[in-house]
Each structure stands twice: as structure tokens, then as C-alpha cells.
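The values are calculated or read from the model by the stated rules, or taken from the named source; none is laboratory data. Here the structure is a predicted model, which means the values were calculated and not measured. Positions of Cβ are backbone-derived with ideal geometry, glycine not excepted, and every protein chain shown enters the neighbour counts.
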Ligand SMILES: CC(C)(COP(=O)(O)OP(=O)(O)OC[C@H]1O[C@@H](n2cnc3c(N)ncnc32)[C@H](O)[C@@H]1OP(=O)(O)O)[C@@H](O)C(=O)NCCC(=O)NCCS
Ligand SMILES: [Zn+2]
């Protein structure tokens, strides 16, 4: 959304620049399933692809001891979709009662490190900066947000990081043009910094479910309404999710999305 941030997103294409340097010595292949491009003769790249591929298609192992657990079947709204997937879904009919969304606890090294590893893959797919984890992972200072993970069968198949927002960061964005509405300054409460769902499980309502649960558990004791959740520089699919989740119809006919800088 902001020009500043967009620029820094682009400047993080670390792997692409490495591929270019060696491209005349080793063929670059693109995996059709996870869409990662890598050098087929590089052991490092093969290992990197293997890890990325596994995460994108099956998620990451998540111990049942990690995180503060929230059972999705005890929460409302989009959660029901996760329990009853669409007719077309290959997993329709299987119970979702054991799905949980866990809040990653600061100071619990194993779960924080596992979440950081997930964020590495997420930031890679989003082409986003890799250094925006402090607000949910740091043990020091005021609580400025949390990370949540969607867990099914002991695998993390979705993740979200949610920030508590200062009013001066909040803006409206026009969905169609992605233009920021100036000089209006709305106030939103929390913001989706990153949201990601494993490729194999998209379209089941998992992202919406994670936001629903994060709204309840980011600020203890407060259930933040949907319309006070903002988005940071949504991607194409993130924009569609935002539009459906809490886009607002303006009298001009445009759809506005709550966002933050
Ligand atoms: C964006 C993302 C998190 C959505 O996850 P998801 O679990 O599939 O989302 P949900 O199933 O909860 O979607 C809810 C609604 O949002 C809309 N939506 C979400 N993703 C969409 C897409 N790719 N295309 C069209 N509509 C989409 C739909 O209206 C959907 O409801 P419907 O299926 O009843 O029509 C997922 O596609 C993803 O991880 N993408 C890569 C990372 C990314 O771009 N993150 C966004 C950063 S801002
Ligand atoms: Zn792959």
C-alpha cells in the first residue's frame, strides 16, 4: 500500500538475484506444485526447495504442547466453514473438530522458532521483509501484537501475525485502484501484518477463521469487531479476502478496505 513499503518488498528478492549470477552454469527449474524456481544442480537450492515445497503443500510439524489453544469448533462465524468444507473439497466429510488455532507464546523458544521458520516461507512467498517479527515475538516492552497458527493433525497449515495499531497508521484504501483515501483518517484497532494458508488448504475458510480467533485473543478480554481490523499492503488474494471479510461500500460505489501504513 505505501510506496515506501512496496519498494522494500521488491528489494528483498534475495534468491532471484543469486539465481541470476549462476544461471549459465546450472539450469533453473520451476516446481509446478509450489512454484519455486531453483538451480537443479545446487545442493543448497535442492535442500531449500525441499523445505519450501513441504511447507507450501503440507505445512510444518506443530507440537501439541506449543501455544495457547483455541478450538475452532467452539468459536463462531467462518469457523463453521472449516468444519464443513465445500462440496468440491477433497476433505469434505472428515471431522474438523480437532482443528485448533494456537496463540504463539512469547518466551517459549521452540514455538517462537517454529513460527519464525514459517514466517520465513511466508515472507518468501509474499516477497515481504523478513524483519517484522519483533511485535509478536519480543519478550520486552508493551504487547504490540500476536502470532497465531492454524493447526490440523499436528501440522501448522496457516499462520497470521496481528499488530495492535496506533491511530496515525490507519487509512482507507480503494479496493479497485489500491489508492489511499486522503486526507481521511479512520481509526482501526488491529492490523493483519501477514496472513498465509498452505496451498493445499486454501478456500476452506481457514484465513477467515484465523482472523476471527485473532480478533478475540490479541487484546485479552476484548473481542474486536470485524470493522476495526485493517490490512497491510494486501496482495491480490489478500485483497479479495479483505474485500469479503470487511470491505465497506462507499456512497461513490467504490469498495473501501481498512488498511494501515
Ligand atoms: C489470501 C489467503 C490467506 C486466503 O486464505 P483462505 O483460507 O483461502 O481464505 P478463506 O477461505 O478464508 O477466504 C474467505 C473469502 O475470501 C475471498 N477469497 C480469499 N482468497 C481468494 C482468492 N484467492 N480468490 C478469490 N477470492 C478469495 C473469497 O470470497 C472467500 O470466500 P468464498 O470462498 O466463500 O468465496 C491465501 O490465499 C494465501 O495464503 N495466499 C498467499 C499469501 C497471501 O497472499 N496472503 C495475503 C497477504 S495480505
Ligand atoms: Zn516444489
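Among the residues of segment 223-236, how many are in contact with a helix residue (DSSP H, G or I) (Cβ under 9 Å, 6 or more places away or on another chain) and farther than 15 Å from residue 210 by Cα?
Keep residues of segment 223-236 that are in contact with a helix residue (DSSP H, G or I) (Cβ under 9 Å, 6 or more places away or on another chain), which gives 223-235.
Then drop every residue that is not farther than 15 Å from residue 210 by Cα, which leaves 227-228, 232-235.
Matching residues across segment 223-236 total 6.
Criterion first (touching a residue at least 24 places away in the same chain (Cβ under 8 Å) and either crowded, with 16+ Cβ neighbours inside 10 Å or more than 16 Å from ligand 2 (Cβ to nearest atom) (or both)) does residue 211 satisfy it? Yes. Note on segment 222-231: residues that are more than 7 Å from ligand 1 (Cβ to nearest atom) and not in a helix (DSSP H, G or I) amount to 6.
Listed residues 134, 139, 168, 154; which is touching a strand residue (DSSP E or B) at 6+ places or on another chain (Cβ under 7 Å) and either free of Cβ contacts under 8 Å to residues at least 60 places away in the same chain or surrounded by fewer than 16 Cβ atoms within 10 Å (Cβ to Cβ) (or both)?
On the way: 134 fails: touching a strand residue (DSSP E or B) at 6+ places or on another chain (Cβ under 7 Å); 139 fails: touching a strand residue (DSSP E or B) at 6+ places or on another chain (Cβ under 7 Å); 168 fails: touching a strand residue (DSSP E or B) at 6+ places or on another chain (Cβ under 7 Å).
None of the other options fit; the residue is 154.
When the residues of segment 29-44 are filtered to those that are buried (at least 16 other Cβ atoms within 10 Å of the Cβ) and more than 16 Å from ligand 1 (Cβ to nearest atom), which remaining residue is farthest from residue 126 (Cα to Cα)?
Just the residues of segment 29-44 that are buried (at least 16 other Cβ atoms within 10 Å of the Cβ), to begin with: 34, 36, 38-39, 42.
Within this subset, residues satisfying the condition of being more than 16 Å from ligand 1 (Cβ to nearest atom) are 38-39, 42.
Details: 38: 17, 39: 21, 42: 24 Å.
Out of the qualifying residues, it is 42.
Do we have residue 186 as outside any helix (DSSP H, G or I), modelled with pLDDT of 95 or more and over 14 Å from the mean Cα position of the chain (by Cα) here? Yes; evaluated as a whole, the condition is true for this residue. Residue 34 meets all of the listed conditions (1) assigned to a loop (DSSP other than H, G, I, E, B); (2) touching a helix residue (DSSP H, G or I) at 6+ places or on another chain (Cβ under 7 Å); (3) at pLDDT below 90 but one, namely (3).
Output yes when any residue across segment 71-93 is part of a strand (DSSP E or B), out of contact with any helix residue (DSSP H, G or I) (no Cβ under 6 Å at 6 or more places or on another chain), modelled with pLDDT under 95 and closer than 17 Å to residue 157 by Cα, and no when none is. Looking for residues that are part of a strand (DSSP E or B), out of contact with any helix residue (DSSP H, G or I) (no Cβ under 6 Å at 6 or more places or on another chain), modelled with pLDDT under 95 and closer than 17 Å to residue 157 by Cα, one finds at least one in segment 71-93, hence yes. Quick check on residue 138: is it at pLDDT below 95, more than 24 Å from residue 258 (Cα to Cα) and within 16 Å of ligand 2 (Cβ to nearest atom)? Judged against the criteria, residue 138 is not a match. Among the conditions (1) touching a strand residue (DSSP E or B) at 6+ places or on another chain (Cβ under 7 Å); (2) surrounded by fewer than 16 Cβ atoms within 10 Å (Cβ to Cβ); (3) at pLDDT 95 or above, residue 175 misses just one, which is (2).
Within the option set 175, 260, being within 16 Å of ligand 1 (Cβ to nearest atom) and under 16 Å from the mean Cα position of the chain (by Cα) holds for one residue only, 260. Could you list, in sequence order, the residues of segment 122-159 that are part of a loop (DSSP other than H, G, I, E, B), out of contact with any helix residue (DSSP H, G or I) (no Cβ under 7 Å at 6 or more places or on another chain) and more than 22 Å from residue 203 (Cβ to Cβ)? Those that are part of a loop (DSSP other than H, G, I, E, B), out of contact with any helix residue (DSSP H, G or I) (no Cβ under 7 Å at 6 or more places or on another chain) and more than 22 Å from residue 203 (Cβ to Cβ): 131, 132, 138, 139, 140, 141, 142, 143, 154.
Return the total of residues in segment 52-69 being within 16 Å of ligand 2 (Cβ to nearest atom) and in a loop (DSSP other than H, G, I, E, B).
So the count comes out to 1.
Please find, within segment 245-258, the residue that is surrounded by the most Cβ atoms within 10 Å (Cβ to Cβ) out of those that are in contact with a helix residue (DSSP H, G or I) (Cβ under 8 Å, 6 or more places away or on another chain) and over 27 Å from residue 69 (Cβ atoms).
Kept after step one, since they are in contact with a helix residue (DSSP H, G or I) (Cβ under 8 Å, 6 or more places away or on another chain), are these residues of segment 245-258: 245-246, 248, 255, 257-258.
Narrowing further to those that are over 27 Å from residue 69 (Cβ atoms): 248, 255, 257-258.
Working: 248: 14, 255: 16, 257: 24, 258: 26.
In this case the residue turns out to be 258.
Considering only segment 212-221, I want to know if a residue exists there that is over 18 Å from the mean Cα position of the chain (by Cα), modelled with pLDDT of 95 or more and not in a helix (DSSP H, G or I).
Taking segment 212-221 first, the residues over 18 Å from the mean Cα position of the chain (by Cα) are 219-221.
Within this subset, residues satisfying the condition of being modelled with pLDDT of 95 or more are none.
There is no residue in segment 212-221 that is over 18 Å from the mean Cα position of the chain (by Cα), modelled with pLDDT of 95 or more and not in a helix (DSSP H, G or I).
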